[in-house]
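Student: Once you've had a glance at the structure underneath, I'll fire off some questions.
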Amino acid sequence: LAFVATFLTFFFIRAYWFRRAARARGAATYHEGAWWNVVRIVFAVPIVAGLVLYFVDPSWLAGGRLGLPDALRWAGVPLAFVVLALVWWIQAALGDNFETRLHIREHHTLVTHGPYRRVRHPMYAAFYLLALDILLLTDNAWVAGTIVVLLTAVMLMRVRHEEEVLLAAFGDEYGAYMARTGRFLPRLRQAA
């Protein structure tokens, strides 16, 4: 039940902010071709299939069961609250700039507050925490592992391109932002 509640709450948060931003978006230039929509579908299908299969009958994915101690699995409940609060905070910071596709919209702003104050891509870090939470709640390496593998593939394909687009759009402002922030985690030392 905790797994289902976490997944549905995550979906609700993303849908809420997507819809809210869509109403304010205006004209936008998208920087991903049609191939990226195919990649999304190809990557989403195994993730959603694993989540649904586990939800319907966890025994269908019994081969991925790790046998984690119950106390460790229960740690997934408070972690879910942390992850969902983090996702909400990230989405709220993005506000009207949020979109699942890489774009620069009319009146786009460079977000450097909230979690973006110290990290350029906090959503990816939050997704990894969500995968850890799913691992704890489901005790299933197949379900969580699929998310981690595909998320890592997306990051390798997309993050560098995202930063190139933002650098082109915001120039020196984004360059200075890159110099003082970490990509996925806060920098231990600030740049001089």
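The values are calculated or read from the model by the stated rules, or taken from the named source; none is laboratory data. Being a predicted model, the structure only gives us computed values, none of them experimental. Here the Cβ is made from the backbone with ideal geometry for all residues, glycine too, and neighbour counts use every protein chain on show. Calculation scope for accessible area: heavy atoms of the full protein, side chains included, ligands and nucleic acids excluded. Shrake-Rupley method; radii C 1.70, N 1.55, O 1.52, S 1.80 Å.
Student: What's the total number of residues in segment 6-36 that are over 20 Å from residue 155 (Cα atoms), in contact with a strand residue (DSSP E or B) (Cβ under 8 Å, 6 or more places away or on another chain) and open to solvent by 40 Å² or more (accessible area, probe 1.4 Å)?
Tutor: Of the residues in segment 6-36, 3 are over 20 Å from residue 155 (Cα atoms), in contact with a strand residue (DSSP E or B) (Cβ under 8 Å, 6 or more places away or on another chain) and open to solvent by 40 Å² or more (accessible area, probe 1.4 Å).
Student: Return the pair list, or none, for Cβ contacts closer than 6 Å from residues in segment 37-51 that are farther than 15 Å from residue 7 by Cα and surrounded by fewer than 16 Cβ atoms within 10 Å (Cβ to Cβ) to residues that are of a type outside the set (Phe, Trp, Tyr) and at pLDDT 85 or above, at least 6 apart or on different chains.
Tutor: 46/146
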